[in-house]
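What follows is a set of notes on a single structure, which appears directly below.
The values are calculated or read from the model by the stated rules, or taken from the named source; none is laboratory data. Not measured: the values here are computed from a predicted model. Quick reminder, even Gly has a Cβ in these numbers, built from the backbone with ideal geometry, and neighbours come from all protein chains shown.
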Amino acid sequence: MANENISILIPDEIISNKIFLIREVKVMLDKDLAGLYGVSTGNLNKAVKRNIKRFPDDFMFQLNNEEFEILKFQFGTSSWGGTRSFPYAFTEQGVAMLSGILNSDRAILVNIQIMRIFTRIRQMLTDTLSLKLEIEEIKKKLQNQDKNIELVFSYLDELITRQEDPTPRKRIGFKTSEED
């Protein structure tokens, strides 16, 4: 397949919607990956188990009951299509490792597309973080400006009060006898 077929293969939004945040890590589930690769979930998991040394805990982990229930709740489903065991979640590194064990043209192209989307998401998060930091900087400057404006107004109030209630000043210089 040519590179131009990558974008035709699967819309980016579909892949993006299959990336979840579980255990503070962005992951994709075995069921979703299998669907994208065009293989059964069982076959995907068999290929992973045959190559289990390639998938340490930070590349792939199995969801626990609580995580699985939360996931089902998010989807609003009462069942997960007859799943007998909890799904496996693959981190970005785990998805990259899948490219080494799934050799079909479709799997290779989908994997490249997924890696690009993970990179795009990471870049968006970085951009968002830098934007948040800039906003915080602006807030601090505005808070300082508020304090400076208050100070200017208090000085103006003081000047106005002095003009309204001037205290007589002693004159200096040559005095005539009438000025004492």
Exclusive hit being at pLDDT 85 or above and out of contact with any helix residue (DSSP H, G or I) (no Cβ under 7 Å at 6 or more places or on another chain), set Q145, Q93: Q93
In the stretch 26-43, anything under 21 Å from R116 (Cα atoms) and assigned to a helix (DSSP H, G or I) is listed as D30, K31, D32, L33, A34, G35, L36, Y37
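This table checks each residue for (1) modelled with pLDDT of 80 or more; (2) outside any loop (DSSP other than H, G, I, E, B); (3) more than 30 Å from Y37 (Cα to Cα); (4) out of contact with any strand residue (DSSP E or B) (no Cβ under 9 Å at 6 or more places or on another chain).
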residue: I114; (1), (2), (3), (4): yes, yes, no, no
residue: T119; (1), (2), (3), (4): yes, yes, no, yes
residue: I138; (1), (2), (3), (4): yes, yes, yes, yes
residue: E150; (1), (2), (3), (4): yes, yes, yes, yes
residue: F153; (1), (2), (3), (4): yes, yes, yes, yes
residue: R162; (1), (2), (3), (4): no, yes, yes, yes
residue: R169; (1), (2), (3), (4): no, no, yes, yes
residue: G173; (1), (2), (3), (4): no, no, yes, yes
residue: E178; (1), (2), (3), (4): no, yes, yes, yes
Test: T77 is touching a Lys or Arg at 6+ places or on another chain (Cβ under 9 Å), under 30 Å from E13 (Cα atoms) and either modelled with pLDDT under 80 or surrounded by 10 or more Cβ atoms within 10 Å (Cβ to Cβ) (or both): no
Enumerate the pairs (first residue in the stretch 12-25 and hydroxyl-bearing (S, T, Y); second residue anywhere and modelled with pLDDT under 90) with beta-carbon separation below 7 Å, excluding pairs fewer than 6 apart on the same chain, so at least 6 apart or on different chains. S16/I117
